[in-house]
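**Q** Before I ask anything, let me first share the structure, which is written out below as structure tokens.
The values are calculated or read from the model by the stated rules, or taken from the named source; none is laboratory data. This one's a predicted model, so the numbers in the text were calculated from it and none came from an experiment. Cβ placement follows ideal geometry from the backbone for every residue including glycine, while neighbour counts extend to all protein chains displayed.
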Amino acid sequence: MKALVVKDLHKSFGNVRAVVGFTLEMEEGEFVTLLGPSGCGKTTVLRTVAGFEKADKGEIYIFGKLSNDIPPEKRDVGMVFQNYALFPNMTVAQNIAFSMMIRKEPQDKIKKRVGELLELVQLSGLENRYPHQLSGGQMQRVALARALAKNPKILLLDEPLSALDAKVRQQLRGEIRKLQMKLGITTLFVTHDQEEALTMSDRIVVMKDGVIQQIGSPRQIYDDPINPFVAHFVGTSSFLEGEMLDGKIFIWKDERFEVRKSKVKNGKALMVLRPTHLKMVKDEENVPDGSNVMKGRVSLVTFLGSVVRVHVMIKEEEILVEMPSEDFWGFKEGDEVIVYFSPDFPLVFPKEQNIQ
Amino acid sequence: MRKSEKRWNIIAHIILIVFSFIILAPILWTIRTSFATDVIAYEIPPRFFFKPTIKNYINILVENNFIRHFKNSFVVSLSSTLISIPIASLAGYAFARYNTGGERLKFTVIATQMLPPIVLVIPLFAIYMKFHLVNTLHGLTISYLAFNLPFLIWILMGFFEGIPKELEEAALIDGATPLKAFLKIVFPISAPGIMAAAVLSFIMCWNEFLFALVLTGASSATIPVALAALQTQRGVLIGKLSAGVVMAIAPIVILSLFIQKYLVKGLSFGAIK
Ligand SMILES: Nc1ncnc2c1ncn2[C@@H]1O[C@H](COP(=O)(O)OP(=O)(O)O)[C@@H](O)[C@H]1O
Ligand SMILES: [Mg+2]
């Protein structure tokens, strides 16, 4: 049985169409991320699944049960809110115990479970603190423990990490994912951070203006974006505007590139180049046969830790090339270089599809 | 602290002390007079040190029936507050959360506060005559309810708007019914605000003069009306009046200390957002 099925969900606020025809099926234990820019309807989907918003149209099934008319308190879901939403009048322990207290479970059982959960989120010893005495990361852990306390069938997380600073965010990212796998809990996660989506998810749902653009594994989304928007939003890319010929040759300015993956046969087109798909050398002899080749000049070199990113000016366009730091040969700003790529890599889309 | 800063500090304090004294002087003088005999009270030049007497207090309570007026004020202020606060809380909550009636109804509620009360008091008197509500405590209570409710709704609405709705949603998703979420989360968080509104309501009723003057009679007069009545044709009974004033402001002073404590407590929950 599917853990969650959302079928053709529509939701408008006045004349703002927040969600349009959203359909998603989740397996039990799956970690799915809704990814998209701010205002694309991610929260609305999550809130509809939680029962805080009523769908204008469409159905929501939670473990096979049609849930549209079930109020939030009767749905078997847990939720972590972006702003934590911890109860300020209660201690950490009371916050976590809230759902059990509502269900009037026996005190000793509550106490035991709170202890377990605190250990699970690594907050043992803080049970008697009040929310305002905690750091952002700690508050988010409490929120997570509180959401897990009632053993929900589905866990909903709305940008739980966005208010935290980079270091804590990265750490919690891994922790949440490990916890999710350990508990095997079906999780729907919302973020506008592509890195978060790529690192945490089993599958990613990319949204734009309330409409799903693509659903796929992080690899699929990154390697095989369905349109320029997805390519632009997930990962870094350079975009070249040109023309397709016979579905095989991409003409850009006076260059002709051979391509194998084009969604256009003839006419105006947009080519997407991932920085990692491009290679860079000083001499033409080192270029493998059959590669597409461009000449340019290095305009900026930035060191990103494990990779080096080089900005190369080619025919008045800036194109990004990335290489592992250990493969970096010490190009400098102003160097004349040769950039090449295999015909297998670039994706070509119709020009009408915008990256915005 | 630098020298110029220090000097500024001293100057600021001197100015503040002067103004505080200007504000406090009449009250301090009233307190002093309330413990003086009539002879000392009217003496010119005034005497600062004398043997205090509580005769004024006893006289006003017994001869001028102030025990009764106190009771009237208490009954009216307390019942008006006890009735208005639950109504205003729920109404303010509904406005804040469910946008009941939209912006227009919100505006209408506050618009009622823009009419000068004096415009309404005569028609209200005429209506009260018909319904035999003149010179009754419940009549006065009803008028206070009508005039204070919109104001209380308005301030409580602001207070509830400050509580993020995610808090209630978190309670709902954790299995609480909407009523439980209100009682366990919203109410405890907003208790300081509700308390402050209640104190405010009580003070507004306690101090109200115009409606009380027109709508009450000898038996139902509240403290402000009774105090005004001490200005007789034979002159102002200054000793008694002072004693009455001191007794009238005492509960307000105590309540003000309360409200301060609650407002501070309300602010310390500021880490909600
Ligand atoms: N309660 C609401 N009232 C009016 N408009 C809303 C409401 N909630 C969301 N919207 C609008 O719906 C769109 C989608 O919002 P949301 O789901 O919050 O996006 P996201 O979470 O992806 O940033 C936005 O344009 C937003 O302004
Ligand atoms: Mg959102």
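**Q** Please list, ordered by first then second residue, the pairs with beta carbon atoms under 9 Å, 6 or more apart or interchain, first in the stretch A:56-78 and within 14 Å of another protein chain (Cβ to nearest Cβ), second aromatic (Phe, Trp, Tyr) and surrounded by fewer than 17 Cβ atoms within 10 Å (Cβ to Cβ).
**A** If the second residue must be aromatic (Phe, Trp, Tyr) and surrounded by fewer than 17 Cβ atoms within 10 Å (Cβ to Cβ), the pairs left are A:Asp76/A:Phe63.
**Q** Yes or no: the stretch B:163-184 includes at least one residue that is more than 14 Å from chain A (Cβ to nearest Cβ), over 16 Å from the mean Cα position of the chain (by Cα) and in a helix (DSSP H, G or I). Walk me through how you get there before you give the answer.
**A** The first filter runs over the stretch B:163-184 and keeps only residues more than 14 Å from chain A (Cβ to nearest Cβ), leaving none.
The answer is no; no qualifying residue exists.
**Q** In the stretch A:256-286, what residues are without any contact (Cβ under 8 Å) to a residue 40 or more places away in the chain and of a type in the set (A, V, I, L, M)?
**A** Hits for the stretch A:256-286: nothing passes.
**Q** In this structure, does A:Pro71 turn out to be more than 16 Å from ligand 1 (Cβ to nearest atom) and over 22 Å from A:Lys42 (Cα atoms)?
**A** Values: more than 16 Å from ligand 1 (Cβ to nearest atom): yes; over 22 Å from A:Lys42 (Cα atoms): no.
Spelling it out, it is not the case that A:Pro71 is more than 16 Å from ligand 1 (Cβ to nearest atom) and over 22 Å from A:Lys42 (Cα atoms).
**Q** Given the residues B:Ile85, B:Ile60, B:Ile122, which is the only one that is assigned to a helix (DSSP H, G or I), within 30 Å of B:Gly217 (Cβ to Cβ) and not assigned by TED's automatic domain parsing to the domain that holds B:Ala198? Lay out the reasoning, then the answer.
**A** Working: B:Ile85 fails: not assigned by TED's automatic domain parsing to the domain that holds B:Ala198; B:Ile122 fails: not assigned by TED's automatic domain parsing to the domain that holds B:Ala198.
Testing whether each residue is assigned to a helix (DSSP H, G or I), within 30 Å of B:Gly217 (Cβ to Cβ) and not assigned by TED's automatic domain parsing to the domain that holds B:Ala198 leaves just B:Ile60.
**Q** Which of (1) among the small types (Gly, Ala, Ser); (2) surrounded by 15 or more Cβ atoms within 10 Å (Cβ to Cβ); (3) away from ligand 1 (no atom under 16 Å from the Cβ); (4) touching a residue at least 24 places away in the same chain (Cβ under 8 Å) is the odd one out, the single condition A:Gly216 does not satisfy?
**A** Result: A:Gly216 fails condition (4) only.
**Q** From the residues in the stretch A:21-34 that are touching an Asp or Glu at 6+ places or on another chain (Cβ under 8 Å) and not β-branched (Val, Ile, Thr), which one is nearest to ligand 2 (Cβ to nearest atom)?
**A** So the first thing to find is which residues in the stretch A:21-34 are touching an Asp or Glu at 6+ places or on another chain (Cβ under 8 Å), and the list is A:21-23, A:30-33.
The next check asks that each one be not β-branched (Val, Ile, Thr); those that pass are A:21-22, A:30-31.
Details: A:Gly21: 19, A:Phe22: 14, A:Glu30: 21, A:Phe31: 18 Å.
In this case the residue turns out to be A:Phe22.
**Q** A follow-up question, please. For residues in the stretch A:10-32 being touching a helix residue (DSSP H, G or I) at 6+ places or on another chain (Cβ under 9 Å) and within 12 Å of ligand 1 (Cβ to nearest atom), which is nearest to the other protein chains (Cβ to nearest Cβ)? Before you say what the answer is, go through the steps one by one.
**A** Our first condition is that a residue be touching a helix residue (DSSP H, G or I) at 6+ places or on another chain (Cβ under 9 Å); within the stretch A:10-32, this holds for A:11, A:13, A:18-19, A:22, A:24, A:29, A:31.
Still in the list and also within 12 Å of ligand 1 (Cβ to nearest atom): A:11, A:13, A:18-19, A:22.
Values: A:Lys11: 17, A:Phe13: 13, A:Ala18: 17, A:Val19: 18, A:Phe22: 20 Å.
Selected residue: A:Phe13.
**Q** I'd like the full set of residues that are in a strand (DSSP E or B) and more than 24 Å from the chain's Cα centre (by Cα), limited to the stretch A:32-79.
**A** A:Lys57, A:Gly58, A:Glu59, A:Lys65, A:Leu66
**Q** Give me the residue from the stretch A:139-186 that is β-branched (Val, Ile, Thr) and at pLDDT 95 or above and, out of that set, farthest from the chain's Cα centre (by Cα).
**A** Residues of the stretch A:139-186 that are β-branched (Val, Ile, Thr), as a first pass: A:142, A:154, A:168, A:176, A:185-186.
Filter once more, keeping what is at pLDDT 95 or above: A:142, A:154, A:185-186.
On the way: A:Val142: 23, A:Ile154: 19, A:Ile185: 19, A:Thr186: 17 Å.
Once the filter is applied, the top-ranked residue is A:Val142.
**Q** Look at A:Pro88 and say whether it is at the interface with another protein chain (Cβ under 10 Å from one of its Cβ atoms), crowded, with 20+ Cβ neighbours inside 10 Å, under 30 Å from the mean Cα position of the chain (by Cα) and at pLDDT below 95.
**A** Values: at the interface with another protein chain (Cβ under 10 Å from one of its Cβ atoms): yes; crowded, with 20+ Cβ neighbours inside 10 Å: yes; under 30 Å from the mean Cα position of the chain (by Cα): no; at pLDDT below 95: yes.
Judged against the criteria, A:Pro88 is not a match.
**Q** So which residues in the stretch A:174-211 are among the β-branched types (Val, Ile, Thr) and assigned to a helix (DSSP H, G or I), if there are any at all?
**A** Initial filter on the stretch A:174-211 (among the β-branched types (Val, Ile, Thr)): A:176, A:185-187, A:190-191, A:199, A:204-206, A:211.
Those that are among the β-branched types (Val, Ile, Thr) and assigned to a helix (DSSP H, G or I): A:Ile176, A:Thr199.
**Q** Return only the number of the condition from (1) in contact with a helix residue (DSSP H, G or I) (Cβ under 7 Å, 6 or more places away or on another chain); (2) away from ligand 1 (no atom under 16 Å from the Cβ); (3) modelled with pLDDT under 95; (4) within 28 Å of A:Asp193 (Cα to Cα) that A:Asp76 does not satisfy.
**A** Of the numbered conditions (1) in contact with a helix residue (DSSP H, G or I) (Cβ under 7 Å, 6 or more places away or on another chain); (2) away from ligand 1 (no atom under 16 Å from the Cβ); (3) modelled with pLDDT under 95; (4) within 28 Å of A:Asp193 (Cα to Cα), the odd one out for A:Asp76 is (1).
**Q** Can you confirm whether the stretch A:118-127 contains a residue that is closer than 22 Å to B:Ser190 by Cα and either within 16 Å of ligand 2 (Cβ to nearest atom) or surrounded by 14 or more Cβ atoms within 10 Å (Cβ to Cβ) (or both)?
**A** Step one: list which residues in the stretch A:118-127 are closer than 22 Å to B:Ser190 by Cα, which gives none.
Scanning the stretch A:118-127 turns up no residue that is closer than 22 Å to B:Ser190 by Cα and either within 16 Å of ligand 2 (Cβ to nearest atom) or surrounded by 14 or more Cβ atoms within 10 Å (Cβ to Cβ) (or both).
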